[in-house]
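Quick notes on the structure that follows.
The values are calculated or read from the model by the stated rules, or taken from the named source; none is laboratory data. Only a predicted model underlies this, so the values are computations on that prediction, with no experimental measurement involved. With ideal geometry, Cβ positions are generated from the backbone for all residues, glycine too; neighbour counts draw on all protein chains shown.
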Amino acid sequence: MSLHETIIAKFQECFGEVPAHVVRAPGRVNLLGEHVDYNDGFVLPIAIDREIWLAFSPGDMDRTTLSAVDLSEDVSFTPETLLPKTDASGKDLPTWALYPAGVMWALREAGLATPALRGAYTSNVPQGSGLSSSAAVEMAFVLAWQTLGGWELPPMERALLGQKAENQYVGVNCGIMDQFASACGEQDRLLHLDCRSLEWHTLPLPNDIAIVIADTKMRRALTSGEYNKRRADCEEAVRILSQKLPRIKSLRDVSVDAFNQYATQLPERVEKRARHVVEEIERSVRAIPLLEQGDMAEFGKLINQCHTSLRDLYEVSIPELDTMVEVAQSLPGCYGARLTGAGFGGCTVNVIAREQADAFSSSLAAGYEDETGFPPEIYVCSASRGAELI
Ligand code: GLA
């Protein structure tokens with residue numbers, strides 16, 4: 001059964017009727033430009049064919065009732081219970097419900113109608129895997145309330161509202177990349193976003209490569225704390241560097257040369273974090289002509305350099321991610337491999353010669369299991385459309 005069919009059946013089980021609407025919203029994988037979105041940099045994600053499906057109908061009075069099918073949990077909340085972050089009976093909202101509740105909060109803050117809904121959802125974006133399961137949830141709910149609320153916003157505006165929910169309600173100080181990719185994805189296209197101007201365009205994904213996602217299945221707790229610390233270190237770097245470079249607003253404004261000139265002014269940890277960002281922004285600029293020319297060998301080198309930098313300078317890798325990358329980089333057909341997303345566990349992204357993708361995937365699975373004793377999950381993904389009403 002497809003997720004579409006599953007969610008319609010589950011909605012009927014929960015609510016005893018056919019849902020009025022269904023939306024889907026994808027996760028994403030990022031090829032290059034990691035931990036730069038909140039530094040005004042450039043990112044190169046694709047929306048993937050792993051997604052959340054949400055079936056919904058208008059609710060009763062002001063009560064929104066949701067069923068998280070994969071967790072077999074239900075929750076109800078109302079606009080009045082949003083601020084205390086409780087359910088309708090006064091109990092703390094479970095973590096999963098903070099995302100839809102946060103979306104309702106952000107939409108109401110923006111003056112948009114959020115009529116009560118009854119919804120059921122299921123997702124095959126693995127949680128905590130670096131594939132943006134939470135952004136997909138946010139984009140599905142923004143679209144659901146847009147459908148019932150009688151208003152309409154362009155995808156980027158919807159992405160910004162999802163980011164606001166996550167920053168200010170859930171408490172993760174994330175950038176715009178994930179919500180953007182989930183909202184704006186295009187089939188068979190790579191997205192290129194300038195996170196400062198929010199201008200974006202798409203690039204063709206060369207036909208002769210496959211994007212392979214390899215999930216270590218390792219999940220780390222406390223990721224959001226480490227994430228927020230990285231972001232604070234970047235802000236600290238800007239504060240100190242602006243004493244020498246008064247025009248800078250973010251690390252985007254610091255060239256690699258200027259950074260090298262003033263790096264000694266920074267405390268060691270801050271210097272490492274900022275160096276990753278400055279060099280990664282440079283890599284993501286160099287990537288565009290390479291992609292336009294279809295020079296996968298050179299593009300792949302940038303991907304490999306990104307992993308080394310995330311491991312040694314940004315320090316967001318873990319041994320299992322390093323193993324997955326090392327095994328991948330040693331295999332035929334691999335142009336580039338690195339951890340993707342925030343890090344601390346989750347997935348790697350691999351750019352592979354298409355005709356070798358199947359052999360690569362099985363060798364990677366075997367090699368990783370030999371080294372770690374754990375079977376990974378590996379699949380070839382395709383670039384899919386952004387969130388949509390079906
Ligand atoms: C998470 C965040 C994004 C981005 C990445 C790292 O996925 O949600 O905004 O910062 O980490 O590139």
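Test M156 against the stated conditions and say whether it is within 16 Å of the ligand (Cβ to nearest atom) and touching a strand residue (DSSP E or B) at 6+ places or on another chain (Cβ under 7 Å).
no
Sort through S89, S67 and tell me the only one that's among the hydroxyl-bearing types (S, T, Y) and part of a loop (DSSP other than H, G, I, E, B).
Numbers: S67 fails: part of a loop (DSSP other than H, G, I, E, B).
The unique qualifying residue is S89.
Determine whether the stretch 23-34 contains at least one residue that is in contact with a strand residue (DSSP E or B) (Cβ under 7 Å, 6 or more places away or on another chain), touching a residue at least 12 places away in the same chain (Cβ under 8 Å), assigned to a strand (DSSP E or B) and of a type in the set (K, R).
yes
Any residue at all in the stretch 79-93 that is modelled with pLDDT of 95 or more and within 16 Å of the ligand (Cβ to nearest atom)?
Checking the stretch 79-93: not a single residue is modelled with pLDDT of 95 or more and within 16 Å of the ligand (Cβ to nearest atom).
Quick check on my filter: what residues within the stretch 337-380 are within 16 Å of the ligand (Cβ to nearest atom) and either assigned to a strand (DSSP E or B) or aromatic (F, W, Y) (or both)? Walk me through it before giving the result.
Filtering the stretch 337-380 for residues within 16 Å of the ligand (Cβ to nearest atom) gives 338-349.
The answer is R338, L339, F344, C347, T348, V349.
Suppose we filter the stretch 175-206 for residues that are in a helix (DSSP H, G or I) and within 12 Å of the ligand (Cβ to nearest atom); how many remain?
6
From the list V172, V125, V75, V142, which one is away from the ligand (no atom under 13 Å from the Cβ) and outside any helix (DSSP H, G or I)?
Residue meeting the stated conditions: V75.
Among the residues of the stretch 217-235, is there at least one that is part of a loop (DSSP other than H, G, I, E, B), touching a Pro at 6+ places or on another chain (Cβ under 6 Å), within 16 Å of the ligand (Cβ to nearest atom) and under 20 Å from A135 (Cα atoms)?
No.
Going residue by residue through the stretch 13-26, is there one that turns out to be within 16 Å of the ligand (Cβ to nearest atom) and not aliphatic (A, V, I, L, M)?
The answer is yes, given that some residue of the stretch 13-26 is within 16 Å of the ligand (Cβ to nearest atom) and not aliphatic (A, V, I, L, M).
Considering each residue of the stretch 285-317, count those that are small (G, A, S) and either without any contact (Cβ under 8 Å) to a residue 40 or more places away in the chain or surrounded by fewer than 21 Cβ atoms within 10 Å (Cβ to Cβ) (or both), and give that number.
Summing the residues that are small (G, A, S) and either without any contact (Cβ under 8 Å) to a residue 40 or more places away in the chain or surrounded by fewer than 21 Cβ atoms within 10 Å (Cβ to Cβ) (or both) in the stretch 285-317 gives 4.
Checking the conditions here, which among C195, C174 is closer than 23 Å to S129 by Cα, at pLDDT below 95 and of a type outside the set (D, E, K, R)?
C174
Tell me which residues, restricted to the stretch 159-169, are without any contact (Cβ under 8 Å) to a residue 12 or more places away in the chain and within 9 Å of the ligand (Cβ to nearest atom).
Across the stretch 159-169, there are no qualifying residues.
When only residues in the stretch 102-129 that are among the small types (G, A, S) and closer than 30 Å to M1 by Cα count, which is modelled with the lowest pLDDT?
G128
If a residue has to be crowded, with 24+ Cβ neighbours inside 10 Å, over 20 Å from V285 (Cα atoms) and more than 10 Å from the ligand (Cβ to nearest atom) to count, how many in the stretch 28-50 make the cut?
2
Tally up the residues in the stretch 236-257 that are assigned to a loop (DSSP other than H, G, I, E, B), farther than 14 Å from G41 by Cα and within 27 Å of the chain's Cα centre (by Cα), please.
Total satisfying the criteria: 0.
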